[in-house]
1. In segment 264-284, what residues are surrounded by 20 or more Cβ atoms within 10 Å (Cβ to Cβ) and modelled with pLDDT of 90 or more?
2. Looking at segment 162-184 only, could you name the residues that are surrounded by fewer than 18 Cβ atoms within 10 Å (Cβ to Cβ), assigned to a helix (DSSP H, G or I) and within 19 Å of the chain's Cα centre (by Cα)?
3. Restricting attention to segment 130-151, which residues are crowded, with 16+ Cβ neighbours inside 10 Å and either outside the structural domain of residue 201 (by TED's automatic domain parsing) or assigned to a loop (DSSP other than H, G, I, E, B) (or both)?
4. Which of the following residues is in the same structural domain as residue 292 (by TED's automatic domain parsing), closer than 30 Å to residue 96 by Cα and either loosely packed, with under 14 Cβ neighbours inside 10 Å or free of Cβ contacts under 8 Å to residues at least 40 places away in the same chain (or both): 236, 193, 205?
5. Can you name every residue in segment 101-129 that is more than 24 Å from residue 219 (Cα to Cα) and outside any loop (DSSP other than H, G, I, E, B)?
6. Pick from 120, 155: which is assigned by TED's automatic domain parsing to the domain that holds residue 220 and within 22 Å of residue 226 (Cβ to Cβ)?
7. I'd like the full set of residues that are surrounded by fewer than 18 Cβ atoms within 10 Å (Cβ to Cβ) and under 19 Å from the mean Cα position of the chain (by Cα), limited to segment 208-223.
8. Any residue in segment 185-202 that is in contact with a helix residue (DSSP H, G or I) (Cβ under 6 Å, 6 or more places away or on another chain) and over 27 Å from residue 118 (Cα atoms)?
């Protein structure tokens, strides 16, 4: 909620500031003012983190002074933190992380994992890329300036945040929708939104695309949840660290590709780019369908055929047929 509120407020203020008197010479819009405000906000956030950290550290020291028995534990935790920090720069950790991502898994888990990672990357590239060129598109297709776009995009963010909260509650809590189905809903909604935005070049179509494409974020939620279900809990840190490294290239790749493509079509047929994006969204959709068709039935059979065993502590466990004695 806080992130959505900050993003909405930032887009609105950014659009308003662009239309104010430019700071400096030879500037069409007040980009310098936007960057100054952005830097100030980052500095405030950094100082806040420093203050919060110092307060937390002071409270910890006070607790240790009251209870002397915690001193030994704090020394051990400090040594563990030092070992973790020094271990970050060991090649062995990097090799183990990659081995975790590429190791063979049951029911084609390795293929499923990397298929989902690639699908997530494609969705990420398209999502960030279309945001980076959206203002140029609406400026060329609708004649909107920065102020109008900031108003509309801010309202769109509010609508998307509210819609996502409601849909997540209904689909996840009430209907108990599976993670792959959530991803399908997100991808299909984004695909439909791209077709509408690219085929009908009027402002009303943009509003309609916002309404139709509001569940797009579910694709990220569904894909990452599916990845989490494929791996063990202790592997989550390693797998998602690799995903984070891969995702670090998204902005560079998406901005480069989308900027060049937009320059080729913006003056002749600006909507063509979004039709290309709709076609690109077929790739993650096909990836999800592939996983469900090839491995979904096997996964269901394993869940049905796995006997239930109660351990000594009274906890219910599912045991694979292969683990049972013949």
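1. Within segment 264-284, 284 is the sole residue that qualifies.
2. 162, 163, 165, 166, 168, 169, 172, 181
3. 142, 144, listed by residue number.
4. Working: 193 fails: closer than 30 Å to residue 96 by Cα; 205 fails: closer than 30 Å to residue 96 by Cα.
The match here is 236.
5. 106, the sole residue that qualifies.
6. Of the residues listed, the single one that is assigned by TED's automatic domain parsing to the domain that holds residue 220 and within 22 Å of residue 226 (Cβ to Cβ) is 120.
7. 220
8. Checking segment 185-202: at least one residue is in contact with a helix residue (DSSP H, G or I) (Cβ under 6 Å, 6 or more places away or on another chain) and over 27 Å from residue 118 (Cα atoms).
The values are calculated or read from the model by the stated rules, or taken from the named source; none is laboratory data. None of these values were measured; they are calculated from a predicted model. When we count neighbours, we look across all protein chains shown, and the Cβ atoms used for this are built from the backbone with ideal geometry, even at glycine.
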